[in-house]
Structures are given as C-alpha cells and as structure tokens.
1. Scanning segment 67-101 for residues that are hydrophobic (A, V, I, L, M, F, W, C) and either assigned to a helix (DSSP H, G or I) or farther than 20 Å from Ala314 by Cα (or both), which turns out modelled with the lowest pLDDT?
2. From the list Gly162, Gly109, pick out the single residue that is surrounded by 17 or more Cβ atoms within 10 Å (Cβ to Cβ), of a type in the set (Gly, Ala, Ser) and outside any loop (DSSP other than H, G, I, E, B).
3. Kindly indicate which of Ala210, Ala240 is in the same structural domain as Pro19 (by TED's automatic domain parsing) and either surrounded by 20 or more Cβ atoms within 10 Å (Cβ to Cβ) or out of contact with any Ser or Thr (no Cβ under 9 Å at 6 or more places or on another chain) (or both).
4. Can you name the condition, by its number, that Leu261 falls short on among (1) out of contact with any strand residue (DSSP E or B) (no Cβ under 9 Å at 6 or more places or on another chain); (2) farther than 20 Å from Glu329 by Cα; (3) part of a loop (DSSP other than H, G, I, E, B)?
5. So which of Thr385, Thr402 ends up being of a type in the set (Val, Ile, Thr), modelled with pLDDT of 95 or more and under 22 Å from the mean Cα position of the chain (by Cα)?
6. So Asn232 clears everything in (1) buried (at least 20 other Cβ atoms within 10 Å of the Cβ); (2) outside the structural domain of Val104 (by TED's automatic domain parsing); (3) farther than 21 Å from Gly56 by Cβ; (4) not hydrophobic (A, V, I, L, M, F, W, C) except one condition, right? Which one?
7. Search segment 47-95 for residues being of a type in the set (S, T, N, Q) and crowded, with 24+ Cβ neighbours inside 10 Å, and hand back the single one that is nearest to the chain's Cα centre (by Cα).
8. Could you go through segment 14-27 and let me know if any residue there is under 30 Å from Asn348 (Cβ atoms) and touching a Gly at 6+ places or on another chain (Cβ under 9 Å).
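The values are calculated or read from the model by the stated rules, or taken from the named source; none is laboratory data. Keep in mind it's a predicted model, so treat the numbers as computed, not measured. So basically every Cβ, Gly included, is an ideal-geometry build from the backbone, and we count neighbours across all protein chains shown.
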Amino acid sequence: MASPSTAEQYPISENQFHPIDPQKASIGQLLFYDKVLSGNQNISCSTCHHPKHGGGDGLSLGIGEGGLGLGPERTPGKDAQKIRKRIPRNASALWNLGHKSINVMFHDGRLEISDIYQNGFNSPAQEWLPNGLDSLISAQAIFPLVAQFEMAGNPKENEIAGAIHDRIDAAWPILAKRVRLIPQYGDLFVEAFDNIDIPQNITIVEIARALGDFINLEWQSYDSPYDDFIRNGTDLPEAAERGRKVFFGSGGCSVCHSGPLLSDQKFYALSLPAFGPGRTRRFDPAARDIGRMGESDLVEDAYRFKTPRLRNVALTAPYGHNGAYPTLEGIVRHHLDPAGMRIKWQRNMAELPLVPWLQNIDFVVQSDRFEMERQSKKVDILAKTLSDQEVSDIVTFLESLTGKSAKLGTLGIPESVPSGLSID
C-alpha cells in the first residue's frame, strides 16, 4: 500500500472553508444564474462559469456581454448587440474558491488580501471597494459585474456601463437597486440578513456575500480518488499511482502545485503561445498580456500568471491563462518543454468561436517579433525529459483529482430566477 509523501499531507475538510449561511447561499444561487446583474440583462455569472463546463465555459477566450448561447456553441451576437472584443483571458474555474488558504485571486492576482486601502483588500476598486465584504470569495464576485466586456456592456448602452466610466464603484448601487426592486429578492434578503430590515437597505455588499456563499458551497470538492488516498490510504489505480509519484517526484510538478489545493498561489512565466486581444493597459503598444506585471508594475513580473488549483482540472479544459491547450497532455508537455511546444503550437488548437469582425486581430500579437522575443525569453520553469508513459501517467493522476460528486453540484441550476429573465 502506497502512502502520501511529505509534500502532499494536506487532506481537505469542511472546516477549512469560510463559513456558509444556507439562506444566503440560496439567494446567491438565484443571483448567480440571474441576468439582472448584467448591464444589458443578457448575461449572468453562470454563462461563463457553468456546471456543464466544469465551472468554466469551455472556450479559450470567452464570449461575454452581447453573445448568445453557452459554451463552445456560444455565438458573438449580431447587429448593435454584437461583441466588440473577446474576453482577454480564460474563464477561471471556481473549485474550492472558498478555501481559507486562498489569499490572492484572478490570473494576475489583481485581488488579494491586504489592508493597503483600509478595507481588507488590494483590488481594482482600491479605496472605493465597499466595506463589509467578509471574505475574498465575496469580494471577487462583484468585479465581473462592472467589467465592460464581461457583464457591464459598452458605454451609452445602459446605466451600468455609463456609471463605471465615471468610477468603478458608481455602478454597484444601481445594480443593488435593480435587485431590491424585485419583490422576491427583497423578501429573501430581509429574511436572510440580520442587518436588512427593509429591501431598501440591500447593497452590493449583501449581494456579494450571497454570491460568495453560493460559490463556496456549490464548488467545494474534495471527494476524488486522490482525496481518498490522502485521507484514508485508499490505493489509486496503478497508472494514477505511477503518475502521482512522477508528479511529486522526478516531474517536479509539485514545486509549484503544492499545498491543499495544489497551488502555491505564486506567479510564473510559462511562455505560453500568445493570442487574443490581450489585457492591455492604456499605453500598451500592442494586443499583449503582461500578466502579473500589469498589477505589480514590477518588470520581473512580466508574463507571469498565477499557479492554477488542480482539483477537477480534467473538467476545466482548455488550459493556460488564455486556454492555449485543449488537452491535459498538451499543457503537461508544455511544462516539460516550453520552447519546443511553443514552436509546435498551432492556431487551431485555440477554442475560439468564429467572430468575423475580430478574426484579423485574434493573432495579431504574433506578428510583433519583438513582443514574441520578449515572451519566449521569459520562462520560469526548466525543461525536463519524461517518457511518453510518464506523461500519460501524470495525466491519469490529474484525472484522479476529479471529485465523485463534482458534476452533481449542491444546489444546482434553478428552474427560474426572480427577475423572470431566461437562464443559460
């Protein structure tokens, strides 16, 4: 019988997560699937973080506000409602996001626990983030609501989009008013929150806390075969056990994928193939994504992205901060040989639904030889040589991280939402 190595003695249990109020979580479930929280009321949180796609959307770069449909079948819309830009980064999965060990979120770490602004967080809202957010998971829930291409919409289309161009926090009171004017939501909030006596008192803070409790409850997952191995010593299948030994041994995977969630929460440059609109700053000369540097302003952080958590990773394709690889084998091989795999990578490996008016710029960054040289030179991982069998075994081990109840959820998808809007 095999036993966990010193590097992996991290069984996960319920008490390691932020506390959940069932009443608040049930409100959060409705809000998560309700398009009322988007500027044009045509997209919800679930559109890009859907249980059918492992808590993501199955796309390399998502189609946000203005699109139609779900997952790889989502289309970019048409006429005045059509999208103007792809989402610059892959939709992060939500698994175990309520774990107390998490101290930084998003691919570039733009939200983290800090008291730099005296509100508990270092975030894009800086000192304008409202007080009262009780956890990182609640704080993160409200930023997609005010992101132009994700949920807010374009200027002049709606009052949310207009407000965020004045200041990021100007839109949250408008969204809160939308919610509290719906009688069912008003009643639910009054019943669930001790500080809410009348619907008029509902703010974005209560909405965030409800969303946070739902995400925390719905995407908790620690009942995989690997969890059984860690907790009870239950043997893994032979190939998965071989892969585990390589993962925590000669493969060096656990150098970064460590701790209870198999992420050290640090940032690394992997030299992934570049494409898409990039997450540009106003003075960037090209459609590029400089990763952590965009938040830290440190040159050494250029092209670094956060180590992803690995529970249920087999459900969350495609992989990488921009979804460059459609398979686990592809992203594993890239870690072993970043330079070689970057050369071998083909554009058709990216899951990008056709958007005729954007296709000329989908890969424009690759025509900038200086940017490509900068990216290819910045690599924080060392190449390693593993056999095809060892690669296959690592993939099998990663598949053993899939929870037995992962596809079932806890509260699931509601039949309807209080706004009466459609559910994706």
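1. Keep residues of segment 67-101 that are hydrophobic (A, V, I, L, M, F, W, C), which gives 68, 70, 80, 83, 87, 91, 93-95, 97.
Retained after the next criterion (residues that are either assigned to a helix (DSSP H, G or I) or farther than 20 Å from Ala314 by Cα (or both)): 68, 80, 83, 87.
Values: Leu68: 95, Ala80: 84, Ile83: 94, Ile87: 96.
Applying the filter and picking the extreme gives Ala80.
2. On the way: Gly109 fails: outside any loop (DSSP other than H, G, I, E, B).
After applying the criteria, what remains is Gly162.
3. Values: Ala240 fails: in the same structural domain as Pro19 (by TED's automatic domain parsing).
It is Ala210.
4. Result: Leu261 fails condition (1) only.
5. Values: Thr385 fails: under 22 Å from the mean Cα position of the chain (by Cα).
From the options Thr385, Thr402, the qualifying one is Thr402.
6. (1)
7. Here is the first cut: in segment 47-95, the residues of a type in the set (S, T, N, Q) are 47, 60, 75, 81, 90, 92.
Next, from what is left, pick out any that are crowded, with 24+ Cβ neighbours inside 10 Å: 47, 60, 90.
Numbers: Thr47: 13, Ser60: 12, Asn90: 7 Å.
Looking at the filtered set, the residue picked out is Asn90.
8. Of the residues in segment 14-27, the ones under 30 Å from Asn348 (Cβ atoms) are none.
No, every residue in segment 14-27 fails to be under 30 Å from Asn348 (Cβ atoms) and touching a Gly at 6+ places or on another chain (Cβ under 9 Å).
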